[in-house]
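Report on the following structure.
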């Protein structure tokens, strides 16, 4: 075997190892996105389970606020459906509705001193608020992993491997622009 053949064989082997490394990196990114979405799923499920308890506790005190309670339940259902379908666009919109209706519910609770003093309500409110913060944190991690995946499958030479093996871009979990602005407290109490 000549030196030219050995060099050619070495280049082919290096290219093959490099392609395998690129492929494995893309697989790791794809599974990282899935893992981060699963982490959000866990928190959404926990919150999904807590919301009926909160609504039921509020019903005992808030006889005249049925519309607000129904909005919370309806938004909860929309979040669940979008999450089951892994539709990030619809999930973002449903999350907006749920956060808005929860904000209204918590603002209305201020008008009911007996409800505010209720230990179950306070525990549920604290638990749901903590879950909301955790969801926001996990959403940020998810979006970062989606961004890393999407950038890598567009970069050269990764794009070659991504196209050959049909790696796809993922959608970011985004909330509406009004979710990112300051809350108008006067609106909540009107």
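For every helix of n ≥ 4 consecutive DSSP H residues, a contribution of -39,500 (n - 2.57) applies; sum these over the chain, divide by its total residues, and give [θ] at 222 nm rounded to the nearest 500 deg cm²/dmol.
-27000 deg cm²/dmol
Sorted from largest down, give the three principal axis spans of the alpha carbons of the chain, whole angstrom values.
91, 28, 23
Note down the nm distance, to one decimal, between modelled labels 7 Å out along Cα→Cβ at residue 35 and at residue 89.
Each label point is offset 7 Å from its Cα along the Cβ direction, giving 3.0 nm.
Taking only Cα atoms, what is the 0 to 90° angle, nearest 10, from helix 3-59's long axis to the longest principal axis of the chain?
Here the helix axis deviates by roughly 10 degrees.
Which angle between 0 and 90 degrees, to the nearest 10, do you get for helix 88-109 versus the longest principal axis of the chain when only C-alpha atoms count?
Long axis of 88-109 versus the principal axis of the chain: about 20 degrees.
Pick from 161, 40, 73: which is most flexible by mean-square fluctuation in a GNM of the chain where alpha carbon atoms under 10 Å apart are linked?
Top of the fluctuation ranking is 161.
When the Cα centres of the range 122-181 and the range 76-91 are compared, how far apart do they sit, in Å?
15 Å
Round to the nearest 10 and give me the degree value, 0 to 90, for the angle of helix 119-152's Cα axis relative to the longest principal axis of the chain.
Roughly 20 degrees between the two axes.
Would you work out the relative contact order for the range 3-188, in percent, from Cα pairs under 8 angstrom that are 6 or more residues apart?
Over the range 3-188, the number comes to 31 percent.
If you split all Cα-Cα distances of the range 1-100 into 5 Å bins from zero, what percentages do you get per bin, shortest first?
Computed distribution, short to long bins: 2, 11, 14, 14, 10, 8, 7, 5, 5, 5, 4, 4, 3, 3, 2, 1, 1, 0, 0.
May I ask you to derive the FRET efficiency for residue 147 and residue 1 from their Cβ-Cβ distance with R0 = 41 Å, giving the value to the nearest 0.05?
Working from the Cβ atoms, E equals 0.30.
Laboratory data are not the source of any read-out in this text; all were calculated from the coordinates shown. Note that the structure is a prediction, hence the values are computed from the model and not measured. Positions of Cβ are generated from backbone atoms using ideal geometry, with glycine treated the same way; all protein chains shown enter the neighbour counts.
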